[in-house]
Amino acid sequence: MNEKVLSRLEYHKIISMLTDLASTREAKDLCENTVPLKDRHEIERLQDETEAALNRIFKNGSLKFGGVKNIRSAVQSSVREFILSPIELMDIASTLETCSRIRQYGKDAPEDILSDRFECLEPIRPLSDSIRRSILSEEEIADDASPELKSIRRRIKQSNDRIRSELNSMINGPLSAYLMEPVITQRGGRFCVPVRSEHKAQVPGMVHDTSSTGSTLFIEPAAAVKLNNDIRELMLAEKEEISRILASLSQEVSDHAEQLLCDLDILTELDYIFARASLAADMNAMRPIFTDDLHFELKNARHPLIPAKDVVPIHVWLGKDFHLLVVTGPNTGGKTVTLKTVGLLHLMGLSGLFIPASDGSELALFDEIFADIGDEQSIEQSLSTFSSHMTNIVSILRAYTKDSLCLFDELGAGTDPEEGAALAQSILNFLHVRNIRTIATTHYSELKIYALNTPGVENASQEFDVETLQPTYHLLIGVPGKSNAFAISKRLGLPGYVIEEAERRMDETDRSFEDVLDRLDNARKELEDVRREADTERKRAEELRKELDRKYSRLEKDHDRILSDAKEEARQILASAKEEADAALRNIQKYGLSADKEGIRALEADRSRLRESLKEKDTGSSSGRTSGIEPGKIRLGMPVEIVSSGFKGTVSTLPDHKGNLVVLCGIIKYRTNCADLTETTLKDPYDKKTAAKPSSGAGLSHAMTISPELNIIGQTTSDGISRLIKYLDEAYMSHLEEVRIVHGKGTGALRNAVRDELKKIRYVKSFRSGEYGEGDAGVTVVTLKK
């Protein structure tokens, strides 16, 4: 990517922000050398790394690399058999300890593109432990660094104690009269006493120093010479032992040099990767999608160098329906920011960085980005504003490729407006016919008209609020902008007659064009108002839908509870009837066929009691009705009621010569006599027009009359489903295990609606199409749960 565009789009400021987030010197170097790439695979690899690091930051928190030091030079020195200093060894220990912490951080996340790097880190704990055990600070070696060092330091302490004891006895004894003061001091690492110069002869020994006035001599007494020599020898031995310890540690570093350098390389790479991820987190940036056909779409794109509280997001796209965009609008309206946002976000994406835009934003893989932005007039080079712009444009037109993006700010400005507009139009048309992706800002009406009349070229504008005289910075694609010079001047107090005179001086075509722009702007605002109202209504509808969903959910729960309660009530009714019937059967078995009058009376009493019990349980019982139907009036399918039991059904067979016949009550066939029947009206209980709401006591008789088949042929979908739901509720309460729904074949709409509804009903165990002889595809056989 050319250096000029990096400078004009302020790419170096992004790199500076990135560099500040890196911890190690080598990672900062990588950040500073970050440039846009052209290889798609390399760009995607960098994006994958940034995404993986960002995911780890969100899951486990940020990763600190502060303990990683630049140990490359020290490690290389150890290989060349140099002895490392304590501070170099401490830097190596710090790096290894950080390596251990970072390796553990890497284990606490799912496998991704960074996992191998974390796995390859080797903390070399024995080496770091040896260094920490031996070196306390950059100037202090621990006594426990070696047994010999510990022994030497112990003997040094003992010698110091002896010499101090010897000198104390001297300064408090015979030498006290010759001393400037009774203290023990050191000169050149040897213990001395301060003697008055006039008493030098009375204190035998070596003079090591004098005071500035010459009145005091620092003399090492002869008796202390041997002890001082012993201490000096021990100190030399200590220095040699420390040298040996450092050499040993340096050798250990040399033995692990390859792994140490490998760790350093990996830590540097991770520091660079996590710096990119931290930048994305700070900017609330997203991973861009790279397109294959040089089109891009930036959704809610924000310029990364404008503070988040001030920046206004823009939505801009190019390369699909049009490949040249002409942006117009007033000064300070945000046109240049739009150009820089498009260019800078592409540079960031091509560098492996996330971009501050909404998820799903797309970038194009441009091989070059050219920008003519800003005023680069030069007195030294005798270049005016127009000349400097034209010099840049000439270089762009010489260097562009078919995969380039060209950005022009105020194209054709700085010269005669008529000539500048013609020149700008010619330059844009030159790029347009070659399908070069281009965005240009301008104030020229001629370029607005060019965009309106040329396929593949589109207008855009930066919105401006004339009432407040403030730009909104919103980019409106498809709408040509206005300069608003008259409106702004009027708001600022310019006399009306001056503005009217200016309007009269405008060309008629220009005035007509401005009027069209006014109407377009008003229409756009009206459409935006309608859209806002529609959004409000949509949100209200969404809230109502959610409320209805909640109510429907509650109704479903109530529906299931009511069904469960009704099923339990029916079970209790049937259980009670069964107990009474069992009691009557036991009496029959007790008295038998040879029952006497007393037994017969007991049987009759049981039958009467059973009948009364059933009447209490069935509000629709046959009390008060006369029984008996003449055999000649009975016909097949005739609705009747069995008086003795209260069960309702239809005549299944004609009476024989004794008046006996079979009545079908639901799925149960009862053999009875004409004398125990009465006519009744047995309507379809699932007909919306005739079905009556059953009372709580009607469960038993309805259970006996429920049909195992429902016919909804000819019904509309809504009516058929309504009857289906009611029918299945009753069938489930009546303990039917299998029922048939007759819906016919037709177009299949009613069948599909039935089966969709069956999937939603909880007590439906399964369902299938009818087999041959059952109705084939015109019937659905439903199995209910017990």
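Some values worked out for this structure:
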| read-out | value |
| --- | --- |
| Of residues in the stretch 11-33 being over 16 Å from residue 280 (Cβ atoms) and of a type in the set (Asp, Glu), the one most open to solvent (accessible area, probe 1.4 Å) | 32 |
| Meets criteria (loosely packed, with under 12 Cβ neighbours inside 10 Å, of a type in the set (A, V, I, L, M), modelled with pLDDT of 75 or more and part of a helix (DSSP H, G or I)) for residue 575 | no |
| Some residue of the stretch 204-222 being free of Cβ contacts under 8 Å to residues at least 60 places away in the same chain, among the hydrophobic types (A, V, I, L, M, F, W, C), open to solvent by less than 70 Å² (accessible area, probe 1.4 Å) and touching a helix residue (DSSP H, G or I) at 6+ places or on another chain (Cβ under 6 Å) | yes |
| Pick from the stretch 462-478, criterion in a strand (DSSP E or B) and modelled with pLDDT under 70, ranking: farthest from residue 309 (Cα to Cα) | 465 |
| When residues of the stretch 651-694 are limited to those that are surrounded by fewer than 19 Cβ atoms within 10 Å (Cβ to Cβ) and β-branched (Val, Ile, Thr), the one modelled with the lowest pLDDT | 690 |
| Count - residues of the stretch 284-307 that are open to solvent by 50 Å² or more (accessible area, probe 1.4 Å), in a loop (DSSP other than H, G, I, E, B) and hydrophobic (A, V, I, L, M, F, W, C) | 2 |
| Residue in the stretch 452-461 that is part of a loop (DSSP other than H, G, I, E, B), modelled with pLDDT of 90 or more, of a type outside the set (A, V, I, L, M) and within 17 Å of residue 342 (Cα to Cα) present | no |
| Yes/no for residue 56 being basic (Lys, Arg), outside any loop (DSSP other than H, G, I, E, B) and open to solvent by less than 10 Å² (accessible area, probe 1.4 Å) | yes |
| Residues of the stretch 64-85 satisfying the condition of being open to solvent by 50 Å² or more (accessible area, probe 1.4 Å) and of a type outside the set (D, E, K, R) | 66, 70, 73, 76, 79, 82, 83 |
| Qualifying residue in the stretch 179-187 (condition: open to solvent by 20 Å² or more (accessible area, probe 1.4 Å) and either part of a helix (DSSP H, G or I) or within 30 Å of residue 79 (Cα to Cα) (or both)) | no |
| Hey, residue 38 without any contact (Cβ under 8 Å) to a residue 60 or more places away in the chain and part of a loop (DSSP other than H, G, I, E, B) or not | no |
| Residues of the stretch 137-161 that turn out to be in contact (Cβ under 8 Å) with a residue 40 or more places away in the chain and surrounded by 14 or more Cβ atoms within 10 Å (Cβ to Cβ), as a count | 11 |
| Conditions (1) surrounded by 17 or more Cβ atoms within 10 Å (Cβ to Cβ); (2) at pLDDT below 95: number failed by residue 353 | (2) |
| First in the stretch 320-345 and among the acidic types (Asp, Glu), second anywhere and at pLDDT 90 or above and surrounded by fewer than 23 Cβ atoms within 10 Å (Cβ to Cβ), Cβ under 9 Å, 6 or more apart | 321/456; 321/458 |
| Looking only at the stretch 356-378, and only at residues there that are among the polar types (S, T, N, Q) and open to solvent by 10 Å² or more (accessible area, probe 1.4 Å), the one that is modelled with the highest pLDDT | 358 |
| Residue match in the stretch 729-747 (condition: over 49 Å from the mean Cα position of the chain (by Cα), assigned to a helix (DSSP H, G or I) and at positive phi) | no |
| Test: residue in the stretch 301-308 that is free of Cβ contacts under 8 Å to residues at least 12 places away in the same chain and out of contact with any strand residue (DSSP E or B) (no Cβ under 8 Å at 6 or more places or on another chain) | yes |
| Any hit, the stretch 368-391, residues being hydrophobic (A, V, I, L, M, F, W, C) and in a loop (DSSP other than H, G, I, E, B) | yes |
| Residue match in the stretch 263-279 (condition: basic (Lys, Arg), assigned to a helix (DSSP H, G or I) and either at pLDDT below 95 or open to solvent by less than 20 Å² (accessible area, probe 1.4 Å) (or both)) | yes |
| Unmet criterion (only one of (1) crowded, with 17+ Cβ neighbours inside 10 Å; (2) at pLDDT 80 or above; (3) over 22 Å from residue 556 (Cα atoms); (4) touching a strand residue (DSSP E or B) at 6+ places or on another chain (Cβ under 6 Å)) for residue 744 | (4) |
| Residue among 481, 493 that is outside any helix (DSSP H, G or I), modelled with pLDDT under 70 and of a type outside the set (A, V, I, L, M, F, W, C) | 481 |
| Matching residues in the stretch 188-203 - criterion: being at pLDDT 85 or above and either open to solvent by 40 Å² or more (accessible area, probe 1.4 Å) or assigned to a loop (DSSP other than H, G, I, E, B) (or both) | 196 |
| When residues of the stretch 313-329 are limited to those that are open to solvent by less than 40 Å² (accessible area, probe 1.4 Å) and part of a loop (DSSP other than H, G, I, E, B), the one nearest to residue 413 (Cα to Cα) | 329 |
| Unmet requirement for residue 170, which otherwise passes all of (1) in a helix (DSSP H, G or I); (2) modelled with pLDDT of 80 or more | (2) |
| Enumeration of residues in the stretch 321-345 that are over 26 Å from the mean Cα position of the chain (by Cα) and within 18 Å of residue 358 (Cβ to Cβ) | 337, 338 |
| Candidates 133, 103, 117 - the one that is within 21 Å of residue 65 (Cβ to Cβ), outside any strand (DSSP E or B), open to solvent by 40 Å² or more (accessible area, probe 1.4 Å) and without any contact (Cβ under 8 Å) to a residue 24 or more places away in the chain | 103 |
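Table: residues versus (1) within 30 Å of residue 240 (Cα to Cα); (2) within 51 Å of the chain's Cα centre (by Cα).
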| site | (1), (2) |
| --- | --- |
| 97 | yes, yes |
| 107 | no, yes |
| 115 | no, yes |
| 148 | yes, no |
| 160 | yes, no |
| 175 | no, no |
| 203 | no, no |
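Table: residues versus (1) of a type in the set (A, V, I, L, M); (2) part of a helix (DSSP H, G or I); (3) over 27 Å from residue 140 (Cα atoms); (4) touching a strand residue (DSSP E or B) at 6+ places or on another chain (Cβ under 6 Å).
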residue	(1), (2), (3), (4)
217	yes, no, yes, yes
229	no, yes, no, no
234	yes, yes, no, no
238	no, yes, no, no
241	no, yes, no, no
247	yes, yes, no, no
259	no, yes, yes, no
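The values are calculated or read from the model by the stated rules, or taken from the named source; none is laboratory data. Being a predicted model, the structure only gives us computed values, none of them experimental. Quick reminder, even Gly has a Cβ in these numbers, built from the backbone with ideal geometry, and neighbours come from all protein chains shown. Just so you know, the surface numbers come from the protein's heavy atoms only, side chains and all, with ligands and any DNA or RNA stripped out. Shrake-Rupley method; radii C 1.70, N 1.55, O 1.52, S 1.80 Å.
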